[in-house]
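Accompanying notes for the structure given below.
Derivation of every value follows stated rules applied to the coordinates shown; laboratory data play no part. Bear in mind that the values here come from a model prediction, so they are computed numbers and not experimental data. With ideal geometry, Cβ positions are generated from the backbone for all residues, glycine too; neighbour counts draw on all protein chains shown.
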Amino acid sequence: MSDYYPDPPLFSAARMAYRQPKVLARRSDRPTSVAAAADAGELLHEHERLILDALAAGPGNKDELASRCGLTEQQVIRRMARLERTGRVVDTGTTRRTTSGRMAVVWRRATQR
C-alpha cells in the first residue's frame, strides 16, 4: 500500500463510490510533519479569505493583492487557481505590470461587475 493513501475500503466499489481523500501528510511522516500539514490546511483557508478581502477593494494583480493583504506574491498566486476553479474570482481579461516589470493577470471577485 502507498504511504500517501489510506488502505482501500473493505466494501465493494460497486456498492459505494470511494473517493481518495486529499492527503497532506504521509503515514510515514514524523509527527512534526503531520502537524505542519494540518497547519497548512488552515493557512490555505486563511490566505483565501485574505485575498478575497483584498479583492473587495477592487481588482488587482498578484503584487497589488499581496500588498493589500500582507501576503507574499507567491502566496497569492498559489491560491488563485483554486479560487478561480471554485468560482470565487475571475480573470478580468486585462494585465498590469508587476514590480518586476512583467505583465500579470488582473483578478476580481466573481460577484463584482
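For the range 31-109, the alpha carbon convex hull comes to 90 Å³ per residue, rounded to a whole number. Footprinting exposure proxy ranking of 65, 83, fewest other C-beta atoms within 10 angstrom first, gives 83, 65.
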